[in-house]
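Novice: I have a structure I would like to understand better, so I am pasting it below and will then ask my questions one at a time.
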Amino acid sequence: ARWARPGTLLSLQGRDRARLEETAAAAALAGAEVDIRSLDVRDTGALAAWASERDAARPVDMVVANAGIAGNPGVSGAEIMAVNAVGKIATVEPLLPRMAARRQGHVVLVSSLASFLASPTGPAYAASKAAVRRYGEGLRPRLARDGVRLSVVCPGFVDTPLTRVNRFPMPFLMDAERAAEIIDTGLQAGRVRIAFPLPTYLLARFLGLMPAALRDPILMRQPSKE
């Protein structure tokens, strides 16, 4: 909703057609032009075709890779990696040479503060977030040579349908609109890493630096998600 304004084309992709149509209707009321496509990021061929099609129709100024699933019981580690890591990379990769050729564009990869921890209660989820963060941080200086910006977003707990199923304390849980404001402000400022909220970020970094013998008993107090 924050990016829905006259003169803006929003190309939205997701699995849930009904939610896509609801979001598109709200964005259109705000004056934006909206295109939607229902597909699964695990279908990397269809994803690449869609991204290339949209860029050919109108050059993409910013691509935001935000697909994600939680590490809940019944969801395999392979599925988590396929969506949260491979799916995000497959979303942006088709656009990289096109942006580089134009010497402009902004790539946004949504990771998580979980990327700073090797979590025994959600190993695949934390690994998927670490993978996409490392991918983005490694890719950023290469893209910068071609005039393309890259930002990695690392949120803490945000009130969304994904987190509402959690049955454990979520410190500094943030409203989705406030999180969107922080991300938008950071992107406009050209920040390469947007990590928030600060207390959770510092805690994650601290725990990540602790010896495993001290860190693991603390993290194991949380209920397992995988």
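The values are calculated or read from the model by the stated rules, or taken from the named source; none is laboratory data. Model, not experiment: these values are computed from the prediction. No Cβ is skipped: glycine too gets one built from the backbone with ideal geometry, and neighbour counts run over all protein chains shown.
Novice: Within region 92-107, count every residue that is surrounded by 23 or more Cβ atoms within 10 Å (Cβ to Cβ) and touching a helix residue (DSSP H, G or I) at 6+ places or on another chain (Cβ under 6 Å).
Specialist: 2
Novice: Among (1) more than 25 Å from Tyr125 (Cβ to Cβ); (2) assigned to a loop (DSSP other than H, G, I, E, B); (3) within 18 Å of the chain's Cα centre (by Cα), where does Ala4 come up short?
Specialist: If we test Ala4 against (1) more than 25 Å from Tyr125 (Cβ to Cβ); (2) assigned to a loop (DSSP other than H, G, I, E, B); (3) within 18 Å of the chain's Cα centre (by Cα), just (3) comes out false.
Novice: Shifting gears a bit: Among the residues of region 207-226, count how many are surrounded by 12 or more Cβ atoms within 10 Å (Cβ to Cβ), part of a helix (DSSP H, G or I) and either free of Cβ contacts under 8 Å to residues at least 40 places away in the same chain or not hydrophobic (A, V, I, L, M, F, W, C) (or both).
Specialist: So the count comes out to 3.
Novice: On to the next question. What number of residues within region 105-124 satisfy the criterion of being at pLDDT 95 or above and in a loop (DSSP other than H, G, I, E, B)?
Specialist: 3
Novice: Another one. Would a scan of region 58-68 turn up a residue that is part of a loop (DSSP other than H, G, I, E, B), touching a residue at least 60 places away in the same chain (Cβ under 8 Å) and surrounded by 17 or more Cβ atoms within 10 Å (Cβ to Cβ)?
Specialist: The answer is yes; a qualifying residue exists.
Novice: Counting only residues that are farther than 24 Å from Met62 by Cβ and among the aromatic types (Phe, Trp, Tyr), which one in region 145-203 is modelled with the highest pLDDT?
Specialist: Ranking the qualifying residues of region 145-203, first place goes to Phe157.
Novice: Just the residues that are more than 25 Å from Asn84 (Cβ to Cβ) and either touching a residue at least 12 places away in the same chain (Cβ under 8 Å) or surrounded by 14 or more Cβ atoms within 10 Å (Cβ to Cβ) (or both), please, taken from region 8-26. Give the derivation first.
Specialist: Residues of region 8-26 that are more than 25 Å from Asn84 (Cβ to Cβ), as a first pass: 8-9, 25-26.
Thr8, Leu9, Ala26, listed by residue number.
Novice: Identify all residues within region 11-59 that are of a type in the set (Asp, Glu) and farther than 25 Å from Gly105 by Cβ; write none if there are none. Walk me through how you get there before you give the answer.
Specialist: Let us first name the residues in region 11-59 that are of a type in the set (Asp, Glu), namely 16, 21-22, 33, 35, 40, 43, 53, 55.
Of everything in region 11-59, those that are of a type in the set (Asp, Glu) and farther than 25 Å from Gly105 by Cβ turn out to be Asp16, Glu21, Glu22.
Novice: I'd like to know if region 125-141 contains one or more residues that are within 21 Å of Asn66 (Cβ to Cβ), at pLDDT below 90 and not hydroxyl-bearing (Ser, Thr, Tyr). Break it down stepwise before answering.
Specialist: Initially, region 125-141 is screened for residues within 21 Å of Asn66 (Cβ to Cβ), giving 125-140.
Among the residues that remain, those that are also at pLDDT below 90 are: none.
No, there is no match, as no residue in region 125-141 is within 21 Å of Asn66 (Cβ to Cβ), at pLDDT below 90 and not hydroxyl-bearing (Ser, Thr, Tyr).
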